[in-house]
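No value in this document is a laboratory result; all are computed from the given coordinates. What you see is a predicted model, and the numbers here were worked out from it, not measured in a lab. Don't worry about glycine lacking a Cβ; one is built from the backbone with ideal geometry, like all the others, and counts go over all protein chains shown.
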Amino acid sequence: EHPVTELTHEIDLVEQMIRVASGQKLGFKQKDMTIKGWAVEARLYAEDPYRGFLPSIGRLKHYSEPLEGPIGNGALRIDSGVREGDEISMFYDPMIAKVIGYGDSREAAIDALSETLDRLHVDGLQSNAPFLSAVLDETDFKAGRIHTGYIEEHFPEGFSGTAPTEFQLKIMAAAAAFMHTVFVERAARITDRITPLPEEGLAHEWVVILNDQRFPVEMRIPEGAMDLDEAGAEIWAPGLIAEPVVLTTSWKPGEHMFEGTLDGQDFSLFVADRTEGYKLRHRGYKADALVCTPRIAELHARLPEKEPVDTAKLIASPMPGLVVSVAVKAGQEVKAGEALMVVEAMKMENVLRAELDGVIKSVNCEAGASVAADELLIEFE
């Protein structure tokens with residue numbers, strides 16, 4: 001990859017190609033080329049690692065990247081060809097950007113790349129950033145123990161995210177508690193409230209539910225200080241954060257990147273509002289966060305779990321794409337493994353096959369139709 005060569009040899013290869021094409025001679029020889037430092041490149045793609053890396057096409061509703069230059073223990077270079085609002089179509093390569101970390105050592109280059117992926121904001125479609133971050137955090141990758149079967153060896157059942165580290169749980173619990181506190185404090189300042197504020201003031205004692213884990217959290221924010229860049233908040237979470245630690249952040253409602261420092265350690269989270277709670281992601285781990293008062297958390301634990309929808313008789317499109325051909329019709333009997341239709345995206349044809357024996361009840365599309373991800377294509381009786 002030419003960015004890696006350029007960064008480790010301090011040479012612009014494209015410039016040299018243009019000069020040679022115009023008839024100029026190279027101003028250096030092979031013996032003049034020496035390697036300086038390390039560089040690691042990741043290709044940021046519009047593909048869904050949670051669905052077997054199928055293309056994830058659509059419009060980039062949000063796209064932002066950190067500035068090139070120093071980051072983490074190294075430095076950053078980004079070669080991108082998109083802008084916020086651009087469309088990633090089904091007809092071309094789904095690459096969004098080349099992201100390169102570089103530094104004096106391999107560890108510094110990896111750290112710079114990891115810090116960059118934490119701060120890339122891609123929304124409107126899925127990217128492979130969580131998978132890239134997960135690989136960079138792998139012990140074997142950091143040690144250079146890599147080979148062509150690396151993904152199959154480390155993710156034999158496909159990529160479904162990574163287990164959370166203690167640090168990830170801490171920063172997610174702290175960020176969720178702080179965001180919720182900000183929203184509660186803002187709501188408290190609304191005039192003519194139907195429900196009056198309690199005389200003792202607003203409580204900042206919460207229970208943060210991250211997926212299925214519950215963490216009591218107490219937060220102390222300095223009077224009138226919602227911007228914690230300078231005035232930090234104290235966070236304490238029995239069982240997770242043993243002693244009160246300080247959280248600093250400049251996060252504001254509406255921002256999708258929560259950057260801050262917890263107990264002196266920098267971090268960056270992707271955040272998004274849900275109908276109830278927040279979506280959080282840090283590297284390969286993502287969680288749905290719900291912030292409740294202790295009493296509401298107690299009642300929430302008693303709610304019955306929603307039964308998953310039975311989709312065994314439904315065939316949905318695994319990705320946005322173009323229906324190339326349909327091989328079945330209503331009333332037809334099919335066997336498990338039989339081809340049903342072909343959907344094309346990113347110059348690749350994907351054959352959808354029956355997962356069970358049965359009779360086709362309905363076919364909801366025809367050849368030439370454009371379909372969205374999860375759109376119902378075929379239903380069995």
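Across q = 0.20 Å⁻¹, the range 166-300 modelled as identical point scatterers on its alpha-carbon atoms has Debye log10 I(q)/I(0) values of -1.27, in the order of the q list.
If you wrap the Cα atoms of the range 46-89 in a convex hull and average its projected area over all directions, you get 4.2 nm². Directionally averaged projected area (the chain, Cα convex hull): 26.4 nm².
Among the GluC sites (Glu not before Pro) in the range 294-356, those located in a DSSP loop and surrounded by at most 15 other Cβ atoms within 10 Å of their own Cβ are Glu305, Glu338, Glu355.
Rounded to the nearest 20, the size of the Cβ-charge dipole of the chain about its Cα centre is 660 debye, with Lys and Arg at +1 and Asp and Glu at -1.
For GluC sites (Glu not before Pro), the sites in the range 97-190 that DSSP calls loop and that have at most 13 other Cβ atoms within 10 Å are Glu157. Sorting the segments 246-252, 172-178 by their mean number of nearby beta carbons within 10 angstrom, highest to lowest, gives 172-178, 246-252.
Checking every one of the chymotrypsin sites (Phe, Trp or Tyr not before Pro) in the range 1-45 against DSSP loop status and a limit of 16 other Cβ atoms within 10 Å picks out Phe28.
With contacts taken as Cα pairs under 8 Å and at least 6 residues apart, the range 166-300 reaches a relative contact order of 23 percent. For the chain, complete DSSP H runs whose alpha carbons reach 15 Å or more along their own long axis and whose mean Kyte-Doolittle score is 0.0 or higher are 166-188.
Relative contact order for the chain: what is it in percent, counting Cα pairs under 8 Å that are at least 6 residues apart? Answer for the chain is 13 percent.
In the neighborhood of Glu87, defined by Cβ-to-Cβ distances under 15 Å, what is the net charge if each Lys or Arg adds +1 and each Asp or Glu adds -1? Net of charged neighbours comes to -1. Which links in Lys170/Lys286; Lys335/Lys361; Lys61/Lys170; Lys313/Lys335; Lys142/Lys279 stretch past 20 Å when you go from one Cα to the other? As for pairs spanning more than 20 Å Cα to Cα, those are Lys61/Lys170; Lys142/Lys279. Look at the Cα gyration tensor of the range 37-154: its axes a ≥ b ≥ c give a/c of at least 1.5 with a/b at or below b/c, and that counts as oblate. Taken about its Cα centre, the range 314-380 carries a charge dipole of roughly 100 debye when the Cβ of each Lys and Arg holds +1 and the Cβ of each Asp and Glu holds -1. Only Cα pairs under 8 Å and 6+ residues apart enter the sum, and on that basis the relative contact order of the range 1-131 stands at 31 percent. The C-alpha atoms of the range 299-339 occupy a region whose extents along the principal axes are 51, 25, 17 Å, arranged from largest to smallest.
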